[in-house]
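Remarks on the structure that follows.
The values are calculated or read from the model by the stated rules, or taken from the named source; none is laboratory data. All of these numbers come straight from a predicted model, not from anything done at the bench. Reconstructed Cβ throughout: ideal geometry from the backbone, glycine too, with neighbour counts over all protein chains shown. Surface areas here come from the heavy atoms of the whole protein model, side chains and all, with no ligands, DNA or RNA. Shrake-Rupley method; radii C 1.70, N 1.55, O 1.52, S 1.80 Å.
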Amino acid sequence: MCGTLIEVIEAVADNQADQGFVPIENSIEGSINITLDGIIKHKLMIQAEVIFPVSMHLLVNEGVQVKDVKEIWSIPPALAQCREFVRELKVPTKDFPSTSMAAEAIKKTTRCDVAAVGSEWAGSLFGLDIAVRNIEDFQDNQTRFFVVTKESDSMDFTQKSLLLINPEKEQAGVLSSILNVLSALGINLTWIESRPTKRKLGSYQFFMEVELGGQHPALSKTMTILSTLGHDVRLLGSYNSIKL
């Protein structure tokens, strides 16, 4: 096991693990930028998508009551999913690299004035009590995970593909021109996200998930057209989706 998302990604990139399981998007908080940037940096491929229902709980040491809690610990995306609950408690928060590390830290401190936001599994693993269940802002909370690898497997009979597009120039209408290519080919776009190229302020690259498998000729045609227009296009993987 790895303690943080970055460690998972680096373990795959360094051949210490064949696959990594990392969150990419939450229905409340949106995209997980740490994962997006890690996939780009380490040039990983996506092998599968898994969608999980997510419940967040307030984890405490034995006997601690909600009224005793003076500070809440967790990873920022988890805290963001429970923003309303934290606001109502009117207590500060402390960032940790993962929900499990926050839960472990709570257990080690033995303090009665701190709590962690995390899963029931994390609470059970570290012997913590659940002071309040289901503290996420919206009850139909889901997180989408990617299974990432260093090398892609066969892309036959897949449902989706993810493209990373780095525009040739920063000019008016560049995103519109890219989307027009997809529209002209009748391709459904299921997700789009921009991330800084980190070269300079205002320079962006785009993640575009399309409803096309790796075997579909329109995918190859799309990449060829966009490359001909001068854009840098990279296929990050073709995969199927599993909803639990």
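Details
- Solvent-accessible ranking of 243, 94, 221, largest area first, probe 1.4 Å: 243, 221, 94
- When the helices of the chain are scored as -39500 (n - 2.57) per DSSP H run of n ≥ 4 and the total is divided over every residue, the value at 222 nm lands at -8500 deg cm²/dmol.
- Cβ-Cβ distance of residue 169 and residue 91, R₀ of 41 Å, FRET efficiency by 1/(1 + (r/R0)^6): the value works out to about 0.30.
- A straight line joining the Cα centroids of the range 181-236 and the range 102-151 runs 35 Å.
- Contour minus Cα-Cα distance for residue 241 and residue 156 (0.36 nm per residue): 29.2 nm
- The chain, relative contact order [Cα under 8 Å, separation at least 6], %: 26
- Using C-alpha pairs below 8 Å separated by at least 6 residues, the relative contact order for the range 71-120 is 51 percent.
- Radius of gyration and maximum dimension Dmax of the range 71-187, Cα, Å: 21.1, 61
- Over all Cα atoms in the range 156-207, the spread is summed up by Rg and Dmax: 12.6, 40 Å.
- For the chain, accessible area per residue (1.4 Å probe, heavy atoms of protein chains only), Å²: 51
- Cut-off 14 Å, label 7 Å out along Cα→Cβ of residue 198, residues of the range 33-48 by amide N: 33-44
- Carbon plus sulfur fraction of accessible area for the chain, probe 1.4 Å, in percent: 52
- Area projected by the alpha carbon convex hull of the chain, averaged over all directions, nm²: 14.7
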